[in-house]
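Comments concern the structure below.
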Amino acid sequence: MYAAAHREGDEEQCPYRGVVPRLVELSLHPDGSLRDAVRYRLPLCRHVAALRIDSPLNRASIRYVEEWVVETVGQRLELRSVIVVGHRVTSIDTEAAARLEGLVTELRRHDLEVVFSGLTDDVVDELDRAGVLESIGRDALFTTQAEAVAAVWPAAHEGSEEQACPLETLAPRLRELAYHPEGTLRDAGVHGLKRCRHLAVLRIDGPLPFASRGAMPSAFDRWATARPVVDHVIFVGSALGQFELRESEHLREFVTYVREQGFRVALANVPDRVAETLARNGIVDALGLDSFFASEPAALASMWSHAHAGHDEDPCPLAPLLPRITELALHPDGSFRDVARYGLERCRHVAVLRFDGPLDYSTVGFFERRLGELLEGRPELRHVLIAGHTLGRIDAVAAEELVGVFQRLRERGLHVCISGLKDDVLEVLRRSGVEDAIGSSCIFPTQAAALERLHPHAHEGSDEERCPLREVVESESVAG
Ligand SMILES: [Zn+2]
Ligand SMILES: [Zn+2]
Ligand SMILES: [Zn+2]
């Protein structure tokens, strides 16, 4: 009777307060848990209410709980989701179960999403016996409050104008990353970094991004409306934590969903234990092993050309993360430098190419395509000198591929030499048969030694008046 008796009353301290059910609205406390919002003076989210019931539910208490929920919800016009936090509900009787179902149905009729967290097995069994579990929905039951918040947060905040949501740190998020001058990928928004127009790198953030089916698709939709031109995405999994079968299934559904929207999708940097769970549950096969990459640059190298085909984004803000081939010529300071950057002419007979960046199984294909572009339309070319002093590391697969690349150049009538390789890189290449491919006399310790040997031979009978490898020759477009 308590609720009806006190409706619109102004009694401050009712002596019977202690015997009616305790009901508490929760919000996020600085210690990371959800706590009594009134007691700790915590701000409330405008769209999600977490209501904790601290008593058994039975025919005596359920009406009071109903009143309280309806009243709390009724005052909050922007509310979209209600989480009923039930870990302190020790029991529920049949009448209370039926009335609870009625309440849920009523709230849902008013377009509120209603989910439960922390219900004990006994209470769930009781709901089942009372025949109301199906209408409440097994999908609407979450183990923890954090999972429930993660599940409802994105949809509840779609199009929201809420500035700083008190629950946001529990929400699954996609953070767009971009190239930072320090040489790494960082939060584009926080650091004000330029984004590529065609390809996005999105890190999956938040404590429980795949706890529910809908959270990530809804986070993705929110991101995608702000970036309409992008049609290639790399999801970075480095922050993924706990991963079981349910999370694996939700990830598979999420990637499938994004692909159905017309995006090309790759996954990069998924932690080993998550990758193992995905493999064990058949998700890696379902999504395609070739969609998974060890690192973000590897994923970029595989997608970048496709994403930029037919577009003239110049320069692409992500380009510094790709392996590069730079053609070199003599610079006024006496060293060999990038011809494109310094407006230098290229020698007609010898291409001196510097290899930069990581060269591994996933980037070597990109590498060969760039090499092909650089050498195209140069009929007088006789020698290719690979200056490898900046090549940091190379894996066995890439080494074998590279030997194949050298062989194909040779078949086109080009002499291939390499210089300046670090010992360990050279060792990997030797094991892969590079000497057979280009001849052991074509491996030089330094670029200068290599040029000294091959330059005269390359220029035999040439009518090149000034060789950009011997003297500084500015390219005509710049000089003129
Ligand atoms: Zn909020
Ligand atoms: Zn780009
Ligand atoms: Zn020359």
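Laboratory data are not the source of any read-out in this text; all were calculated from the coordinates shown. In this text the structure is predicted, and so the values were computed from the model without any measurement. Reconstructed Cβ throughout: ideal geometry from the backbone, glycine too, with neighbour counts over all protein chains shown.
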>> For a protection proxy built on the mean count of beta-carbon atoms within 10 angstrom, sort 152-163, 181-192 highest first, please.
In response: 152-163, 181-192
>> Using DSSP to call loops (not H, G, I, E or B), can you name the GluC sites (Glu not before Pro) in segment 200-274 whose Cβ has at most 12 other Cβ atoms within 10 angstrom?
In response: Glu244
>> At 7 Å along Cα-to-Cβ for each site, give me the label-to-label distance between Ser305 and Glu276 in nm.
In response: 3.6 nm
>> Using a 7 Å offset from Cα along Cα-Cβ at His110, what residues in segment 128-158 end up with backbone N under 19 Å from the label point?
In response: 136, 156-157
> 222 nm [θ] for the chain, helices only, -39500 (n - 2.57) per DSSP H run of 4+, per residue, to 500?
Replying inline: -11000 deg cm²/dmol
> Counting DSSP beta bridges with both partners in segment 172-308, what percentage is antiparallel, nearest 5?
Replying inline: 40 percent
> Amide H to amide H, which residues 5 or more places from Ala37 or on other chains are under 5 Å from it, using H placed in the peptide plane?
Replying inline: Glu25, Leu26, Ser27
>> Roughly how far apart, in whole Å, are the Cα centres of segment 118-176 and segment 413-480?
In response: 63 Å
> Taking R0 as 30 Å, what's the FRET efficiency between Glu95 and Cys14 from their Cβ-Cβ distance, rounded to 0.05?
Replying inline: 0.75
> When DSSP assigns beta bridges and you keep just the ones with both residues in segment 323-479, what percent turn out antiparallel, to the nearest 5?
Replying inline: 40 percent
>> Looking only at segment 2-156, where both bridge partners belong to it, what percent of the DSSP beta bridges are antiparallel (to the nearest 5)?
In response: 35 percent
> So what J values fall out for segment 108-118 if you push phi through Karplus, 6.51 cos²θ - 1.76 cosθ + 1.60 with θ = phi - 60°, rounded to Hz, Gly and Pro as x?
Replying inline: 5, 4, 8, 6, 9, 7, 10, 10, 10, 10, x
>> So for the chain, averaging the separation of alpha carbon pairs under 8 Å that are six or more residues apart and normalising by length, what relative contact order in percent results?
In response: 8 percent
> For the chain, can you list the cysteines whose C-beta has no other cysteine C-beta under 4.7 Å from it?
Replying inline: Cys14, Cys45, Cys165, Cys196, Cys316, Cys347, Cys467
> How far apart, in nm, are two points set 7 Å out from the Cα along the Cα-to-Cβ line at Arg430 and at Asp221?
Replying inline: 6.0 nm
> To the nearest 0.05, how large is the calculated FRET efficiency for Glu161 and Leu245 if R₀ is 25 Å and r is the Cβ-Cβ distance?
Replying inline: 0.10
> Mind listing which trypsin sites (Lys or Arg not before Pro) in segment 379-480 are in a DSSP loop and have 16 or fewer other Cβ atoms within 10 Å?
Replying inline: Arg393, Arg412, Lys422, Arg466, Arg470
> What FRET efficiency do you get for Lys422 and His29 if R0 is 30 Å and r is their Cβ-Cβ distance, rounded to the nearest 0.05?
Replying inline: 0.05
>> Run the simple label-point estimate for Leu289 and Arg138 please: 7 Å along Cα→C-beta, distance reported in nm.
In response: 3.4 nm
> Going by a ≥ b ≥ c, the root eigenvalues of the Cα gyration tensor, does segment 1-128 fall in the rounded group (a/c under 1.5), the prolate group (a/b larger than b/c) or the oblate group?
Replying inline: rounded
